[in-house]
Amino acid sequence: MEILIVAALIGLIPAFVAQKKGRSFGLWWFYGAALFIVALPHALIMKPKEGSEEANKRKALEMASKGLTPVREPAVDFVADGVIGNTPYRNEPDGSVIAIASGRTIKFKNRDDLETMLRGAVS
């Protein structure tokens, strides 16, 4: 009986990892309780589903590594200083540029980064 309780508890570990990657908690809990030694590495190695918490974190890190930083201010308060290829932008005092692209407000390090992103989106 104690073995079943321990198995049920350790099955929670791969279930939580898989849930963060967009998978079914219940199925992964059962898998983890039955085959923990296989389920845990499997949960750690598998790629996250699109739109999951883990995928969103990875996408944000990827954007940040390219110099793109999502801005948390509403687009309604946006007053554009100019437009590049149908994309309104605003110059900031620190030299950065904030633009509305694909319905999102994005902060770029400078105007060149904005133009590079727009050229890449058009290509």
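The values are calculated or read from the model by the stated rules, or taken from the named source; none is laboratory data. None of these values were measured; they are calculated from a predicted model. All Cβ positions, even for glycine, are placed from backbone atoms using ideal geometry, and neighbour counts span all protein chains on display.
The residue list ALA43, ALA39, ALA33, ALA8 contains one member that is in contact with a Lys or Arg (Cβ under 8 Å, 6 or more places away or on another chain), in a helix (DSSP H, G or I), of a type in the set (A, V, I, L, M) and over 30 Å from ARG104 (Cα atoms), which is ALA43. Out of everything in the range 15-34 that is of a type outside the set (Gly, Ala, Ser) and in contact with a Pro (Cβ under 9 Å, 6 or more places away or on another chain), what residue ends up being surrounded by the most Cβ atoms within 10 Å (Cβ to Cβ)? Across the range 15-34, the extreme among qualifying residues is TRP28.
Quickly run through the range 5-24 and pick out the residues that are under 14 Å from LEU44 (Cβ atoms) and not aliphatic (A, V, I, L, M). Those that are under 14 Å from LEU44 (Cβ atoms) and not aliphatic (A, V, I, L, M): PRO14, PHE16, GLN19, LYS20, LYS21, ARG23. Exactly one residue out of ASN56, ASN91 is of a type in the set (S, T, N, Q), modelled with pLDDT of 85 or more and either in contact with a Pro (Cβ under 7 Å, 6 or more places away or on another chain) or closer than 30 Å to GLU115 by Cβ (or both), and it is ASN91.
Residues that are modelled with pLDDT under 85 and either surrounded by fewer than 16 Cβ atoms within 10 Å (Cβ to Cβ) or out of contact with any helix residue (DSSP H, G or I) (no Cβ under 6 Å at 6 or more places or on another chain) (or both): does the range 95-102 have at least one? So far as the range 95-102 goes, yes, one or more of its residues are modelled with pLDDT under 85 and either surrounded by fewer than 16 Cβ atoms within 10 Å (Cβ to Cβ) or out of contact with any helix residue (DSSP H, G or I) (no Cβ under 6 Å at 6 or more places or on another chain) (or both). When the residues of the range 46-60 are filtered to those that are outside any helix (DSSP H, G or I) and touching a Lys or Arg at 6+ places or on another chain (Cβ under 8 Å), the one that is surrounded by the fewest Cβ atoms within 10 Å (Cβ to Cβ) is LYS47. Of all the criteria given as (1) under 16 Å from the mean Cα position of the chain (by Cα); (2) of a type in the set (Ser, Thr, Tyr); (3) at pLDDT 80 or above, the one not satisfied by THR69 is (3).
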